[in-house]
1. Quick one: how many Å² of Glu156 are accessible to a 1.4 Å probe, rounded to 10?
2. Quick one: which of 29-35, 136-142 comes out on top by average Cβ neighbours within 10 Å, and what's the full order, highest first?
3. So how many Å³ per residue does the convex hull of the Cα atoms of the chain work out to?
4. What size of dipole, in debye to the nearest 20, comes out for the chain about its Cα centre when the only charges are +1 on Lys and Arg C-beta atoms and -1 on Asp and Glu C-beta atoms?
5. With springs only between Cα atoms under 10 Å apart, run a GNM on the chain and tell me which of Thr56, Thr98, Thr158 wobbles the most.
6. How much of the accessible area of the chain, probe 1.4 Å, is carbon plus sulfur, in whole percent?
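The values are calculated or read from the model by the stated rules, or taken from the named source; none is laboratory data. Because the structure is predicted, anything quoted here is derived from the model rather than measured. Neighbour counts are summed over all protein chains in view; Cβ atoms, including those assigned to glycine, are modelled from backbone coordinates with ideal geometry. Areas reflect the complete protein model, heavy atoms only, side chains present, ligands, DNA and RNA absent. Shrake-Rupley method; radii C 1.70, N 1.55, O 1.52, S 1.80 Å.
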Amino acid sequence: MEPAPVTCRRSKLDTRTALVAAAFDELSDQSLDALSIRRLTAAVGITPAAFYRHFTDLDDIGLVLVEEAIHQLALAVREGLANLDQDNGPAVIATIGTSLAEVSKSHRPQMTFVARERCSGRERIQLAIRDGIRRITLETAGELKAKTRMREWSWEDTLVMSDAMVHFGIHLIEQLVLSAPSTRRTDE
């Protein structure tokens, strides 16, 4: 006979996953500060009190959203770095830029969340995004040092270049997800 707690855990995990997905949907056109637990739980079909079985508050779900979004962003940068086939700066930037443009399409809600919350809203969320971007920058610097001519550079110089490239990518994503469709310049 199957134990009942496994079913409960699965259901709880499904509900938590649904809350995160609904939060990303709700945040496609508003900030985390404007998110309503009542609307969020209604979208999932649970009571507002049930929200607190999964998250302590909006910052708690916000931190989960940050981790999901940063994870997708890191995967895109890794994919760009894995596809390096040339050993020059412009090619590296173009490869990462292409990968980030693709993630802004395939994971638009997550990238919109990062773009919107990175510089506004709740301090804990801003710090979590900043920390996530810093982790991506450090990983990128290590990859650039291992795979490009930057292996001859100092770690500090490689880190500066990596930081510039990652922030260029973040700026690109912001332009792609926050600007009106008629003003997007994906070709650039």
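1. Ignoring ligands and nucleic acids, Glu156 comes out at about 120 Å².
2. On the way: 29-35: 13.6, 136-142: 19.3.
Per-residue Cβ counts within 10 Å, averaged per peptide and sorted highest first, yield 136-142, 29-35.
3. Working: hull volume 27.6 nm³, N = 188.
In the chain, the Cα convex hull volume per residue is 147 Å³.
4. Numbers: 23 positive and 27 negative charges, 93 e Å.
About 440 debye.
5. Thr56
6. Working: 5510 of 10350 Å².
C and S atoms contribute 53 percent here.
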